[in-house]
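The values are calculated or read from the model by the stated rules, or taken from the named source; none is laboratory data. Source: prediction; values computed, not measured. Positions of Cβ are backbone-derived with ideal geometry, glycine not excepted, and every protein chain shown enters the neighbour counts. We work out accessible area using only protein heavy atoms, side chains counted, and drop any ligands, DNA or RNA first. Shrake-Rupley method; radii C 1.70, N 1.55, O 1.52, S 1.80 Å.
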Amino acid sequence: MAFRPDGTFVPLPAVPEGLLAEGFRRAVLGFLSGKGVVSEDLRCKLLGWRHSGFSMHNQVRVGEGDAEGRKKLAGYMLRAPMALEKMAYDAATGTVIYRSKMHLGLKRNFQLMPGAE
């Protein structure tokens, strides 16, 4: 979906999800690098990850006259990508711990990372 400069809604044909995810990943990381939030080195490392952490779902279609559908979609898009109640910041060490379900490959249910990440 897209909006014209005059605010009219235009439904668009589906774009392959993998293509969307990769484009979004590159745009977000480029934006963060350009703003100095992540270093260029970190951006390159993240682009090299096999599992990028980005995904797309475009199977839900919103029709041109579906105002309620647009409202629901906007609400979904505004949700936080990570549950803040699962995160804790340790100011003494500058690290963040994120707790989640057990990761079968890592055999743990948490991730430690520097606060800046």
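Out of (1) under 30 Å from Ala2 (Cα atoms); (2) in contact with a strand residue (DSSP E or B) (Cβ under 9 Å, 6 or more places away or on another chain); (3) open to solvent by 90 Å² or more (accessible area, probe 1.4 Å), the odd one out for Gly65 is which?
(3)
Of a type in the set (Gly, Ala, Ser), within 18 Å of Met113 (Cβ to Cβ) and outside any helix (DSSP H, G or I): does that describe Ala88?
Yes; evaluated as a whole, the condition is true for this residue.
Regarding Phe54, is this residue surrounded by 11 or more Cβ atoms within 10 Å (Cβ to Cβ) and either charged (D, E, K, R) or part of a helix (DSSP H, G or I) (or both)?
No, not satisfied.
Listed residues Lys71, Lys45; which is loosely packed, with under 13 Cβ neighbours inside 10 Å, among the basic types (Lys, Arg) and under 30 Å from Gly115 (Cβ atoms)?
Details: Lys71 fails: under 30 Å from Gly115 (Cβ atoms).
Within the list Lys71, Lys45, the selection yields Lys45.
Out of curiosity, is Ser100 among the small types (Gly, Ala, Ser), in a loop (DSSP other than H, G, I, E, B), surrounded by 10 or more Cβ atoms within 10 Å (Cβ to Cβ) and without any contact (Cβ under 8 Å) to a residue 40 or more places away in the chain?
no
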